[in-house]
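Values quoted throughout were computed directly from the atomic coordinates according to the rules given, and no laboratory measurement underlies them. Because the structure is predicted, anything quoted here is derived from the model rather than measured. Because the Cβ atoms are built from the backbone with ideal geometry, glycine has one as well, and the counts that use them run over all protein chains shown.
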Amino acid sequence: MKKNLTLLLLLIPFGILSYLYSLTGFLLLAIMVFCLVALLVAGIVKSFRPDLSPKWWKRPLLLMSVCAMGVLIGLLRPLAPAILGAGDVSEQLAYAYKTDQADRMTIGAYTGLYENSLAMRDSIRLAQVSQLYHDNQISLPKDKFYAAFVFHHSRKSDLFEIAQKLAGEAAAVSELKDDYVVQWLAKATYDRWMVSLGKPEKYGTQDKFSISVE
């Protein structure tokens, strides 16, 4: 009874945090790794000390169970809408960028569980941003940065070219000269565009990745 109560008391705050904040899942995974290391050490020590107290096994296992349940609860957290249906251009682009990043900072995205969902949400964002781009509504430097990030996560070479154009224009503006992410994106979009054309990257920002050249 006491063990079950302890498990419940631990699970409630862990579950709430994991459901509300996606980054909590990564913290819980880190704790699970720590517990595995503790169990490994306990196993080694037990080989020399057979009388090792069972608490050295029970506590890590209990904490691992709580963390695992917390991660599962976090996976149940619904994602926010991919795009903003109302608002001005800047608000729509800022929101698309925000969800683009938030979608990728989840356990589901890192483990591949959200692969299909992420691809679908990327296409929704890309459709909105492409329409704004072709309507010549993207003119502010920060808006260009937001749009470039969405194009950057497409799968086609011609869209990478657009991403590089927008990112380069944003990075050239004096007010964004010291913005690390803006400057990084200008380099990353160029590298990704070059790689998509079968050419070597210039800034070394890309890992293995495949695209369709169109």
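General remarks:
- Local electrostatic count, V41, Cβ distance below 13 Å [Lys/Arg +1, Asp/Glu -1]: +3
- Among R155, R121, the ranking by other beta carbons within 10 Å of each residue's beta carbon, starting with the fewest, stands as R155, R121.
- Neighbour-count ranking [beta-carbon atoms within 10 angstrom, fewest first] of C35, C67: C35, C67
- Selection of GluC sites (Glu not before Pro), segment 125-191, meeting DSSP coil and at most 10 other Cβ within 10 Å: none
- Distance between the 7 Å Cα→Cβ label points at K199 and E91: 4.0 nm.
- Likely footprinting exposure, L185, L197, fewest C-beta neighbours within 10 Å first: L197, L185
- Among the chymotrypsin sites (Phe, Trp or Tyr not before Pro) found in segment 120-214, those both in a DSSP coil and sparsely packed, with 16 or fewer other Cβ atoms within 10 Å of their Cβ, are Y203, F209.
- For percent of Cα pairs over 32 Å apart, calculated from these coordinates, the label among (i) 32; (ii) 37; (iii) 24: (ii)
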